[in-house]
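First the structure, in the form of structure tokens, and then the observations on it.
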Amino acid sequence: CLLMVSKFRDQGAATVVERSPVEDIEAALQAVVRTLNQVKVHERLLRVAGARVDRAGVALMYRLCNDEEGLRITDLAERLGVDAPTVTRKVQQLEREGLIVRHDDPGDRRASLLVLTAEGQRTIDRVLTARRAWLTRLLDGWEDRDQRRFGQLLSHFAEALTRDLDATVEIDDTDTQ
């Protein structure tokens, strides 16, 4: 449990709690993460997209759609933050469904690279289209400039988050050496 310190302002008989901007951001992020992690959100998007793949499969396919040359299982596992055996099981399932395929790694004949099949690309495209339609609906009524500014600020925050995570990993790696 986090200890939160707030500023208090006395207004007659009532005491008003003023939250800091960081507290407001924290509360909003908790609400966003809680909502985005709900199974029903993913199920609805997949239903709208007509995709017959689970959340883990979508996450894996999304990572592959951003890398046209393909990824090794170990690299994919690292990017997803899970272990290689977990990725291997999901890859085998997606291969059986015809959504991904393995190609020889030209840099290392012992390894293979995972890439989306044409059907896999169509599937992830439908999921992304459904997600973008949902986000568009959520932002309905927002001024264009507010949407752009929100996108800029959110991107800036995401970059800071990534930098911090990368720095933390580097610190953790040096601690174990």
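Some values worked out for this structure:
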read-out: Selection within the stretch 128-142 - of a type in the set (D, E, K, R) and touching a helix residue (DSSP H, G or I) at 6+ places or on another chain (Cβ under 9 Å); value: Arg131
read-out: Every residue from the stretch 89-99 that is free of Cβ contacts under 8 Å to residues at least 40 places away in the same chain and either open to solvent by less than 40 Å² (accessible area, probe 1.4 Å) or in contact with a Phe, Trp or Tyr (Cβ under 9 Å, 6 or more places away or on another chain) (or both); value: Lys90, Val91, Gly98
read-out: Any hit, the stretch 136-145, residues being more than 29 Å from Asp54 (Cβ to Cβ), in a helix (DSSP H, G or I) and either touching a strand residue (DSSP E or B) at 6+ places or on another chain (Cβ under 6 Å) or free of Cβ contacts under 8 Å to residues at least 12 places away in the same chain (or both); value: yes
read-out: Val127, sole failed condition from (1) more than 30 Å from Glu95 (Cα to Cα); (2) at pLDDT 95 or above; (3) under 19 Å from the mean Cα position of the chain (by Cα); value: (1)
read-out: Sole exception among (1) without any contact (Cβ under 8 Å) to a residue 40 or more places away in the chain; (2) out of contact with any helix residue (DSSP H, G or I) (no Cβ under 6 Å at 6 or more places or on another chain) for Glu68, by number; value: (1)
read-out: Residues satisfying the stated conditions in the stretch 57-110, i.e. more than 23 Å from Leu46 (Cα to Cα) and among the β-branched types (Val, Ile, Thr); value: Ile73, Thr74
read-out: Some residue of the stretch 156-166 being surrounded by 12 or more Cβ atoms within 10 Å (Cβ to Cβ), closer than 24 Å to Asn37 by Cα and charged (D, E, K, R); value: no
read-out: Qualifying positions in the stretch 69-84 - surrounded by 14 or more Cβ atoms within 10 Å (Cβ to Cβ) and under 16 Å from the mean Cα position of the chain (by Cα); value: Leu76, Ala77, Glu78, Arg79, Leu80, Val82
read-out: Residue, farthest from Ile73 (Cα to Cα), within the stretch 104-135, restricted to residues that are in a strand (DSSP E or B) and open to solvent by 100 Å² or more (accessible area, probe 1.4 Å); value: Arg109
read-out: Residue list for the stretch 13-62, filter: open to solvent by 70 Å² or more (accessible area, probe 1.4 Å) and touching a strand residue (DSSP E or B) at 6+ places or on another chain (Cβ under 7 Å); value: Thr15, Val17, Glu18
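To keep it simple, each residue is scored yes or no on (1) outside any helix (DSSP H, G or I); (2) polar (S, T, N, Q); (3) under 14 Å from the mean Cα position of the chain (by Cα).
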{"site": "Leu45", "(1), (2), (3)": "no, no, no"}
{"site": "Val53", "(1), (2), (3)": "yes, no, no"}
{"site": "Asp67", "(1), (2), (3)": "yes, no, no"}
{"site": "Thr88", "(1), (2), (3)": "no, yes, no"}
{"site": "Val91", "(1), (2), (3)": "no, no, no"}
{"site": "Glu95", "(1), (2), (3)": "no, no, no"}
{"site": "Arg102", "(1), (2), (3)": "yes, no, no"}
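Matching residues to (1) under 30 Å from Ala28 (Cβ atoms); (2) at pLDDT below 95:
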site: Leu46; (1), (2): yes, yes
site: Arg52; (1), (2): no, yes
site: Arg63; (1), (2): yes, yes
site: Asp67; (1), (2): no, yes
site: Leu71; (1), (2): no, yes
site: Ile100; (1), (2): no, no
site: Pro106; (1), (2): no, yes
site: Leu116; (1), (2): no, no
site: Asp140; (1), (2): yes, no
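The values are calculated or read from the model by the stated rules, or taken from the named source; none is laboratory data. Since the structure is predicted, the reported quantities are computational estimates derived from the model, not experimental observations. Using ideal geometry, Cβ is built from the backbone for each residue, glycine included, and neighbour counts are taken over all protein chains shown. For the accessible areas, the whole protein counts, side chains as well, though only heavy atoms, and no ligand, DNA or RNA atoms are used. Shrake-Rupley method; radii C 1.70, N 1.55, O 1.52, S 1.80 Å.
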